[in-house]
Amino acid sequence: MAGSSAPPDKRYSPLLAESVRLVAWPMLRGMYGLRVKGAKHVPREGPVLLAANHTSYLDPVIAAWPLRRPVYFLAMKSLFRNRAFGAFIASLGAIPLDVDRGTDKQAYGSGLRVLEAGHVLCVFPEGGRSFDGRLKPLKPGVLRLARATGAPIIPVRINGAFEAWPRTRRLPRPLGRIKVDYRPAIEPPPQQENGAELNTRLEELTRRLQPVLSDDGRAVDQRRAATPAGAQTGQNPDTRAE
């Protein structure tokens, strides 16, 4: 696998990560007829931010494994409570993120180190898995990482994973159709000293990410952020070729 430098996290094991991918990826493709589109949009070298929608436990591997590059990803801190499981996913590139804190400085710093070392970092700008399969309002952390490092943002749209393994099921359904679509890069905002101008750019990039990531092709109204989870009826993502 192509890489830009030594792993920035000593817990990451390139050999183990590649071995797991080689074994599990064909199984996922066989179970879910997994289709990949647009991988050419992901640069072969240099720092890259993957910004994916998040509806399923499967999303991290679906977003990362089609690429021929090591991919780190931010994962909920609660997944590391079991020390053995936490050590395992850390060896695959997982970085703990405390989603209950407004800004997790430790996770942000780890993400910066990954990007500054020239690697790929996968983030889920919604901040957690959707309850109904629809896109939730995005958080600006991905844009701050892009601004700080100059990494391009690759929107990643995953369709069908919600039906395969939503957060309400303990085990995945054995059959389904999943498609992952890597979209053209969104360039990061340039370095600026003016906070007001930066906020304007962050809002604009957030609006651009919303319709790209939304499964039904429409932007999520930011005013719906306060809508209780599960209050809206989700639609089945379209798994047909575009």
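With in a helix (DSSP H, G or I) and either closer than 16 Å to Ala17 by Cα or among the aromatic types (Phe, Trp, Tyr) (or both) as the only criterion, which of Ala63, Ala146 stands out? Even if it seems obvious, please write down each step before you answer.
Working: Ala146 fails: either closer than 16 Å to Ala17 by Cα or among the aromatic types (Phe, Trp, Tyr) (or both).
Exactly one residue qualifies, and that residue is Ala63.
Output the residues belonging to the range 40-61 that are at pLDDT below 95 and among the hydrophobic types (A, V, I, L, M, F, W, C).
Ala51, Ala52, Leu58, Val61
Among the residues in the range 75-87, are any under 29 Å from Leu171 (Cβ atoms) and touching an Asp or Glu at 6+ places or on another chain (Cβ under 7 Å)?
The answer is yes, given that some residue of the range 75-87 is under 29 Å from Leu171 (Cβ atoms) and touching an Asp or Glu at 6+ places or on another chain (Cβ under 7 Å).
For the range 5-56, enumerate the residues that are out of contact with any Phe, Trp or Tyr (no Cβ under 7 Å at 6 or more places or on another chain), surrounded by fewer than 16 Cβ atoms within 10 Å (Cβ to Cβ) and among the small types (Gly, Ala, Ser).
Correct list: Ser5, Ala6, Ser19, Ala24, Gly30, Gly33, Gly46.
Please go through the range 78-117 and pick out each residue that is more than 19 Å from Leu49 (Cα to Cα) and touching a residue at least 24 places away in the same chain (Cβ under 8 Å).
Passing the criteria: Ala87, Ser91.
Tyr108 versus (1) under 16 Å from the mean Cα position of the chain (by Cα); (2) closer than 26 Å to Pro174 by Cα; (3) surrounded by fewer than 21 Cβ atoms within 10 Å (Cβ to Cβ): which is the lone unmet condition?
The single condition Tyr108 does not satisfy is (2).
Within the set of pairs 6 or more residues apart or between chains, which connect a residue that is outside any helix (DSSP H, G or I) inside the range 162-176 to a residue that is surrounded by fewer than 20 Cβ atoms within 10 Å (Cβ to Cβ) and hydrophobic (A, V, I, L, M, F, W, C) with Cβ atoms less than 7 Å apart?
Listed pairs, sorted by first residue: Arg167/Phe131; Pro174/Met31; Leu175/Met31.
Identify all residues within the range 38-66 that are within 26 Å of Ala148 (Cβ to Cβ), among the hydrophobic types (A, V, I, L, M, F, W, C) and touching a residue at least 60 places away in the same chain (Cβ under 8 Å); write none if there are none.
Ala39, Val42, Val48, Leu49, Leu50, Ala51, Ala52, Ala63
Quick check, is Pro188 closer than 26 Å to Met27 by Cβ and either surrounded by fewer than 19 Cβ atoms within 10 Å (Cβ to Cβ) or not β-branched (Val, Ile, Thr) (or both)?
No.
The values are calculated or read from the model by the stated rules, or taken from the named source; none is laboratory data. Keep in mind that what you see is a predicted model, and the values were worked out from it rather than measured. Ideal geometry is used to build each Cβ from the backbone, glycine not excepted, and the neighbour counts take in all protein chains shown.
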